Amino acid sequence: MGGRDELSDQVMSNLDLTYRNGGLNFYGVLLVDDIKLRWWHKGERIQRKLGWIFGIQKETKRWALGAEFASFDRLTYTHQLQAPHIYHGVGLGYPTGADSKVITLWGRWQLMPRLQVSGMLTRSWLDRKTQNKDFERYWALSLQWLASPNSLLALHWTQGYPPKWGVGGGWSEDRERARFLILEGRFFGLWSSGEEKPGKIELEETQPETATEGKFALLTSLSGNKGTISAGSQQGVKVGMKLIIADFATNKAVGYFTATQVKRDEASGQIESFPKEIVQVGSKVILPEKGR
(Lines give C-alpha, C1' and ligand atoms only; values in the text may rest on other atoms or scores of the structure.)
Protein backbone atom coordinates (compact mmCIF):
# COMPACT_ATOMS: atom_id res chain seq x y z
CA MET A 1 0.00 0.00 0.00
CA GLY A 2 1.39 3.39 -0.94
CA GLY A 3 1.11 6.41 1.32
CA ARG A 4 -1.68 8.01 -0.71
CA ASP A 5 -5.18 9.15 0.11
CA GLU A 6 -6.99 7.18 -2.57
CA LEU A 7 -6.09 3.84 -0.91
CA SER A 8 -4.98 2.29 -4.18
CA ASP A 9 -2.57 -0.61 -4.32
CA GLN A 10 0.84 0.64 -5.45
CA VAL A 11 2.41 -1.90 -7.78
CA MET A 12 5.25 -1.57 -10.28
CA SER A 13 6.50 -4.38 -12.48
CA ASN A 14 8.51 -4.77 -15.65
CA LEU A 15 9.14 -7.41 -18.29
CA ASP A 16 12.31 -7.59 -20.39
CA LEU A 17 12.64 -9.89 -23.42
CA THR A 18 15.56 -10.43 -25.78
CA TYR A 19 15.82 -12.75 -28.78
CA ARG A 20 19.12 -13.26 -30.61
CA ASN A 21 19.68 -15.19 -33.80
CA GLY A 22 23.16 -14.79 -35.20
CA GLY A 23 23.66 -11.08 -35.82
CA LEU A 24 19.95 -10.29 -35.44
CA ASN A 25 18.81 -8.97 -32.08
CA PHE A 26 15.23 -8.18 -30.99
CA TYR A 27 14.57 -6.67 -27.57
CA GLY A 28 11.68 -5.18 -25.66
CA VAL A 29 10.88 -3.72 -22.26
CA LEU A 30 7.48 -3.12 -20.67
CA LEU A 31 7.18 -1.07 -17.46
CA VAL A 32 3.84 -1.04 -15.63
CA ASP A 33 3.61 1.56 -12.87
CA ASP A 34 0.97 2.24 -10.24
CA ILE A 35 -1.68 -0.25 -11.33
CA LYS A 36 -5.01 0.44 -9.63
CA LEU A 37 -6.18 -3.05 -8.74
CA ARG A 38 -9.49 -1.70 -7.40
CA TRP A 39 -10.63 -0.50 -10.78
CA TRP A 40 -14.09 -1.96 -10.21
CA HIS A 41 -14.89 0.70 -7.57
CA LYS A 42 -17.44 3.07 -8.99
CA GLY A 43 -16.28 6.59 -9.64
CA GLU A 44 -12.54 5.81 -9.49
CA ARG A 45 -10.60 7.19 -12.41
CA ILE A 46 -7.88 4.98 -13.82
CA GLN A 47 -4.71 6.78 -14.88
CA ARG A 48 -2.49 4.74 -17.17
CA LYS A 49 1.22 4.83 -16.33
CA LEU A 50 3.08 2.63 -18.79
CA GLY A 51 6.48 2.72 -20.40
CA TRP A 52 7.74 0.48 -23.15
CA ILE A 53 10.67 0.11 -25.51
CA PHE A 54 11.02 -2.02 -28.63
CA GLY A 55 14.18 -2.34 -30.68
CA ILE A 56 15.80 -4.38 -33.43
CA GLN A 57 19.40 -4.52 -34.59
CA LYS A 58 21.17 -6.43 -37.34
CA GLU A 59 24.95 -6.53 -37.15
CA THR A 60 27.63 -8.10 -39.28
CA LYS A 61 31.37 -7.54 -39.42
CA ARG A 62 31.02 -4.88 -42.14
CA TRP A 63 27.71 -3.18 -41.35
CA ALA A 64 24.99 -2.72 -38.75
CA LEU A 65 21.48 -1.29 -38.74
CA GLY A 66 19.24 -0.62 -35.76
CA ALA A 67 15.98 1.02 -34.75
CA GLU A 68 14.34 1.69 -31.40
CA PHE A 69 10.99 3.09 -30.33
CA ALA A 70 10.25 4.19 -26.76
CA SER A 71 7.11 5.60 -25.16
CA PHE A 72 6.45 6.65 -21.56
CA ASP A 73 3.25 7.96 -20.01
CA ARG A 74 3.24 10.99 -17.78
CA LEU A 75 4.32 10.53 -14.12
CA THR A 76 5.84 7.10 -14.69
CA TYR A 77 7.71 6.24 -11.49
CA THR A 78 11.32 6.43 -12.64
CA HIS A 79 10.80 9.75 -14.44
CA GLN A 80 8.73 11.75 -11.97
CA LEU A 81 11.66 13.96 -10.92
CA GLN A 82 13.87 16.13 -13.09
CA ALA A 83 16.95 14.27 -11.87
CA PRO A 84 16.75 10.52 -12.57
CA HIS A 85 16.63 7.97 -9.79
CA ILE A 86 20.03 6.30 -9.37
CA TYR A 87 20.47 2.56 -8.73
CA HIS A 88 24.04 1.24 -8.32
CA GLY A 89 25.30 4.36 -10.06
CA VAL A 90 23.04 3.89 -13.10
CA GLY A 91 20.15 6.23 -13.90
CA LEU A 92 16.82 4.42 -14.13
CA GLY A 93 14.44 5.09 -16.96
CA TYR A 94 14.74 6.56 -20.42
CA PRO A 95 16.71 9.76 -21.22
CA THR A 96 13.75 11.82 -22.39
CA GLY A 97 11.67 11.06 -19.32
CA ALA A 98 7.96 10.42 -18.99
CA ASP A 99 5.29 11.89 -21.24
CA SER A 100 7.48 11.37 -24.29
CA LYS A 101 7.96 9.24 -27.39
CA VAL A 102 11.28 8.68 -29.14
CA ILE A 103 12.25 7.03 -32.43
CA THR A 104 15.94 6.36 -33.05
CA LEU A 105 17.65 4.95 -36.16
CA TRP A 106 21.35 4.19 -36.45
CA GLY A 107 23.77 2.38 -38.71
CA ARG A 108 27.41 1.87 -39.65
CA TRP A 109 29.30 0.73 -42.72
CA GLN A 110 32.91 -0.41 -42.86
CA LEU A 111 34.38 1.18 -45.98
CA MET A 112 37.88 -0.23 -45.47
CA PRO A 113 39.50 -2.45 -42.81
CA ARG A 114 40.29 0.64 -40.69
CA LEU A 115 37.71 3.12 -41.97
CA GLN A 116 33.99 3.21 -41.29
CA VAL A 117 31.10 5.66 -41.45
CA SER A 118 28.20 5.71 -38.98
CA GLY A 119 25.04 7.74 -38.47
CA MET A 120 22.19 8.33 -36.06
CA LEU A 121 18.81 10.04 -36.35
CA THR A 122 16.57 10.71 -33.35
CA ARG A 123 13.06 12.18 -33.28
CA SER A 124 11.45 12.95 -29.92
CA TRP A 125 8.03 14.12 -28.80
CA LEU A 126 8.20 15.74 -25.35
CA ASP A 127 5.31 16.79 -23.07
CA ARG A 128 3.03 15.18 -25.64
CA LYS A 129 -0.07 15.29 -23.39
CA THR A 130 0.25 18.96 -22.44
CA GLN A 131 -0.13 22.27 -24.24
CA ASN A 132 3.66 22.74 -24.28
CA LYS A 133 4.38 20.02 -26.84
CA ASP A 134 7.97 20.00 -28.02
CA PHE A 135 9.11 18.13 -31.14
CA GLU A 136 12.88 17.77 -31.43
CA ARG A 137 15.28 16.16 -33.88
CA TYR A 138 18.91 15.20 -33.47
CA TRP A 139 21.20 13.64 -36.06
CA ALA A 140 24.88 12.82 -36.37
CA LEU A 141 27.17 11.57 -39.14
CA SER A 142 30.62 10.24 -38.28
CA LEU A 143 33.70 9.16 -40.21
CA GLN A 144 35.98 7.01 -38.05
CA TRP A 145 39.53 5.91 -38.79
CA LEU A 146 41.49 3.42 -36.70
CA ALA A 147 44.89 5.02 -37.20
CA SER A 148 46.66 2.32 -35.18
CA PRO A 149 45.70 -0.44 -32.74
CA ASN A 150 45.92 2.19 -29.97
CA SER A 151 44.47 5.30 -31.61
CA LEU A 152 41.22 6.37 -33.27
CA LEU A 153 40.37 9.57 -35.16
CA ALA A 154 36.81 10.59 -35.93
CA LEU A 155 35.06 13.49 -37.64
CA HIS A 156 31.46 14.16 -36.55
CA TRP A 157 28.87 16.41 -38.17
CA THR A 158 25.82 16.86 -35.96
CA GLN A 159 22.71 18.95 -35.50
CA GLY A 160 21.32 19.60 -32.05
CA TYR A 161 22.09 17.82 -28.82
CA PRO A 162 21.26 14.21 -27.86
CA PRO A 163 18.02 13.72 -25.90
CA LYS A 164 18.44 14.53 -22.22
CA TRP A 165 16.94 13.48 -18.90
CA GLY A 166 13.78 14.67 -17.27
CA VAL A 167 10.18 15.65 -17.74
CA GLY A 168 10.10 18.80 -19.86
CA GLY A 169 13.79 18.27 -20.59
CA GLY A 170 13.85 19.69 -24.10
CA TRP A 171 16.66 21.90 -25.36
CA SER A 172 16.25 25.52 -26.28
CA GLU A 173 15.41 26.28 -29.91
CA ASP A 174 18.88 27.69 -30.57
CA ARG A 175 20.63 24.60 -29.25
CA GLU A 176 18.24 22.28 -31.02
CA ARG A 177 19.07 23.77 -34.43
CA ALA A 178 22.78 24.38 -33.85
CA ARG A 179 25.21 22.40 -36.02
CA PHE A 180 28.66 21.23 -35.02
CA LEU A 181 31.76 19.88 -36.74
CA ILE A 182 33.74 17.90 -34.16
CA LEU A 183 37.18 16.32 -34.49
CA GLU A 184 37.72 13.55 -31.94
CA GLY A 185 40.86 11.65 -31.03
CA ARG A 186 40.96 8.60 -28.77
CA PHE A 187 44.01 6.78 -27.49
CA PHE A 188 43.93 3.32 -25.88
CA GLY A 189 46.42 1.61 -23.60
CA LEU A 190 49.18 4.25 -23.65
CA TRP A 191 50.51 2.93 -20.33
CA SER A 192 49.77 -0.76 -20.84
CA SER A 193 52.42 -3.45 -20.88
CA GLY A 194 51.73 -4.14 -24.54
CA GLU A 195 50.45 -7.68 -24.03
CA GLU A 196 48.44 -9.04 -26.90
CA LYS A 197 44.70 -9.06 -26.36
CA PRO A 198 42.79 -12.03 -27.73
CA GLY A 199 40.32 -11.22 -30.48
CA LYS A 200 38.14 -14.29 -29.97
CA ILE A 201 37.97 -17.12 -27.48
CA GLU A 202 36.41 -20.51 -27.91
CA LEU A 203 34.47 -21.88 -24.95
CA GLU A 204 34.26 -25.56 -24.23
CA GLU A 205 31.04 -27.09 -25.49
CA THR A 206 28.99 -28.11 -22.44
CA GLN A 207 25.42 -28.85 -21.62
CA PRO A 208 23.42 -25.90 -20.27
CA GLU A 209 23.15 -27.42 -16.83
CA THR A 210 26.93 -27.64 -16.45
CA ALA A 211 27.87 -24.37 -18.15
CA THR A 212 27.84 -22.40 -14.90
CA GLU A 213 29.82 -24.89 -12.85
CA GLY A 214 33.28 -23.34 -12.84
CA LYS A 215 33.01 -22.22 -16.47
CA PHE A 216 31.77 -18.63 -16.57
CA ALA A 217 29.85 -16.02 -14.57
CA LEU A 218 27.60 -13.19 -15.71
CA LEU A 219 28.28 -9.48 -15.52
CA THR A 220 25.24 -8.47 -13.45
CA SER A 221 25.79 -4.71 -13.12
CA LEU A 222 27.87 -2.06 -14.87
CA SER A 223 28.48 1.60 -14.06
CA GLY A 224 31.27 3.39 -15.88
CA ASN A 225 34.40 1.26 -15.44
CA LYS A 226 33.06 -0.65 -12.42
CA GLY A 227 31.03 -3.82 -12.45
CA THR A 228 29.77 -6.83 -10.50
CA ILE A 229 29.83 -10.51 -11.48
CA SER A 230 27.78 -13.46 -10.24
CA ALA A 231 30.74 -15.43 -8.86
CA GLY A 232 33.12 -15.08 -5.92
CA SER A 233 35.54 -16.96 -3.71
CA GLN A 234 33.38 -20.10 -3.92
CA GLN A 235 34.12 -20.21 -7.65
CA GLY A 236 37.85 -19.46 -7.29
CA VAL A 237 37.79 -15.70 -7.86
CA LYS A 238 40.43 -13.79 -5.87
CA VAL A 239 41.28 -10.12 -5.39
CA GLY A 240 43.58 -8.91 -8.18
CA MET A 241 42.56 -11.68 -10.56
CA LYS A 242 42.13 -10.54 -14.19
CA LEU A 243 39.37 -12.36 -16.07
CA ILE A 244 38.31 -12.19 -19.72
CA ILE A 245 34.89 -10.75 -20.56
CA ALA A 246 33.18 -12.26 -23.62
CA ASP A 247 30.01 -11.41 -25.50
CA PHE A 248 27.30 -13.84 -24.47
CA ALA A 249 26.08 -14.58 -28.00
CA THR A 250 29.33 -14.68 -29.99
CA ASN A 251 31.95 -15.64 -27.34
CA LYS A 252 34.11 -12.83 -28.68
CA ALA A 253 36.43 -11.31 -26.08
CA VAL A 254 35.45 -7.68 -25.41
CA GLY A 255 37.48 -6.75 -22.31
CA TYR A 256 38.87 -7.60 -18.89
CA PHE A 257 37.41 -7.75 -15.39
CA THR A 258 39.88 -7.18 -12.52
CA ALA A 259 38.49 -8.18 -9.12
CA THR A 260 38.91 -5.61 -6.33
CA GLN A 261 36.42 -7.00 -3.79
CA VAL A 262 35.37 -10.63 -3.50
CA LYS A 263 32.52 -12.19 -1.52
CA ARG A 264 31.38 -15.80 -1.42
CA ASP A 265 29.22 -15.72 -4.57
CA GLU A 266 29.81 -12.19 -5.88
CA ALA A 267 32.73 -10.02 -6.87
CA SER A 268 33.12 -6.39 -7.88
CA GLY A 269 35.95 -4.82 -9.81
CA GLN A 270 37.26 -2.70 -12.66
CA ILE A 271 36.09 -3.10 -16.26
CA GLU A 272 38.51 -2.56 -19.17
CA SER A 273 37.04 -2.83 -22.66
CA PHE A 274 39.10 -3.59 -25.74
CA PRO A 275 39.41 -0.94 -28.50
CA LYS A 276 36.24 -0.74 -30.62
CA GLU A 277 34.45 -3.17 -28.27
CA ILE A 278 31.57 -2.53 -25.87
CA VAL A 279 31.10 -4.39 -22.59
CA GLN A 280 27.43 -4.94 -21.75
CA VAL A 281 25.50 -6.21 -18.75
CA GLY A 282 24.87 -9.92 -19.24
CA SER A 283 28.28 -10.63 -20.80
CA LYS A 284 30.19 -13.76 -19.84
CA VAL A 285 33.14 -13.50 -17.46
CA ILE A 286 35.40 -16.53 -17.93
CA LEU A 287 36.21 -18.08 -14.56
CA PRO A 288 39.60 -19.54 -13.63
CA GLU A 289 40.18 -23.25 -13.86
CA LYS A 290 40.29 -25.18 -10.63
CA GLY A 291 43.68 -25.02 -8.96
CA ARG A 292 44.75 -21.82 -10.70
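A few notes on this one:
- Check on Thr122, closer than 29 Å to Leu143 by Cα, modelled with pLDDT under 85 and of a type in the set (Ser, Thr, Tyr): no
- Annotation: Thr260 fulfils all but one of (1) assigned to a strand (DSSP E or B); (2) surrounded by 14 or more Cβ atoms within 10 Å (Cβ to Cβ); (3) in contact with a Gly (Cβ under 7 Å, 6 or more places away or on another chain); the unmet one is (2).
- Condition broken by Ser192, with the remaining ones in (1) among the hydroxyl-bearing types (Ser, Thr, Tyr); (2) modelled with pLDDT under 85; (3) over 23 Å from Leu152 (Cα atoms) satisfied: (3)
- Lys276 vs. criteria of a type in the set (Lys, Arg), out of contact with any Cys (no Cβ under 9 Å at 6 or more places or on another chain) and on the phi > 0 side of the Ramachandran plot: yes
- Given (1) farther than 21 Å from Ser221 by Cα; (2) at pLDDT below 85, index of the condition Leu24 fails: (2)
The values are calculated or read from the model by the stated rules, or taken from the named source; none is laboratory data. All of these numbers come straight from a predicted model, not from anything done at the bench. Reconstructed Cβ throughout: ideal geometry from the backbone, glycine too, with neighbour counts over all protein chains shown.
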